[in-house]
Amino acid sequence: MTRGIRGATTVVEDQADMIIENTRRLVEEMVTKNNVSPEDVSHVFISVTKDITAAFPAKGLRKLPGWTYVPVMCMTEIDVPNSLKRCIRVMMVVNTDKEQASMNHIFQNEAIHLRPDLACKEDSTL
């Protein structure tokens, strides 16, 4: 069966190296905390807020070993007034036998404010 793993992070500035590195770190933590290998990943959607334009965050995934053939698509998040700025969101769809409640969703930097309920669950597993 497939399950979704959510992740989100923010960057301080719209700089290519920062976007790529923060995305890489986020996905690495998502993979580690959920014991996922690239072969388990069906596909990944990445959305960014309209103030991120310097790079495709998917480049961060390409730096990970074994991710060459994982389908990844980047898109722009809807522009909701007063929403979190400079935010990168990841939806990773994986093949797994785990229950939905056992998936660890990862929120880094200012993105922890998006889903404090899930961020707290993740912290309690440490």
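The values are calculated or read from the model by the stated rules, or taken from the named source; none is laboratory data. In this text the structure is predicted, and so the values were computed from the model without any measurement. So basically every Cβ, Gly included, is an ideal-geometry build from the backbone, and we count neighbours across all protein chains shown.
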Matching residues in segment 71-97 - criterion: being in a loop (DSSP other than H, G, I, E, B) and loosely packed, with under 15 Cβ neighbours inside 10 Å: 71, 78, 79, 80, 81, 82, 83, 85, 97
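With the condition kept exactly as written, say whether any residue in segment 5-13 is β-branched (Val, Ile, Thr), within 14 Å of residue 103 (Cα to Cα), at pLDDT 95 or above and in contact with a helix residue (DSSP H, G or I) (Cβ under 8 Å, 6 or more places away or on another chain). Let's see the steps before the verdict.
Filtering segment 5-13 for residues β-branched (Val, Ile, Thr) gives 5, 9-12.
Checking which are within 14 Å of residue 103 (Cα to Cα) leaves us with 5.
Keeping just the survivors that are at pLDDT 95 or above gives 5.
This time we only want the ones that are in contact with a helix residue (DSSP H, G or I) (Cβ under 8 Å, 6 or more places away or on another chain), so: 5.
Checked against the condition, which is being β-branched (Val, Ile, Thr), within 14 Å of residue 103 (Cα to Cα), at pLDDT 95 or above and in contact with a helix residue (DSSP H, G or I) (Cβ under 8 Å, 6 or more places away or on another chain), segment 5-13 yields at least one hit.
Only one residue in 63, 85 is under 14 Å from residue 21 (Cβ atoms) and either touching a residue at least 60 places away in the same chain (Cβ under 8 Å) or of a type outside the set (Val, Ile, Thr) (or both), so which one is that?
63
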Segment 38-65, subset assigned to a loop (DSSP other than H, G, I, E, B) and at pLDDT below 95, residue nearest to residue 118 (Cα to Cα): 64
Residue in segment 19-33 that is over 13 Å from the mean Cα position of the chain (by Cα), modelled with pLDDT of 95 or more and either surrounded by 14 or more Cβ atoms within 10 Å (Cβ to Cβ) or not aromatic (Phe, Trp, Tyr) (or both) present: no
Candidate set from segment 98-117 (those that are within 25 Å of residue 15 (Cα to Cα) and part of a helix (DSSP H, G or I)); member that is modelled with the lowest pLDDT: 113
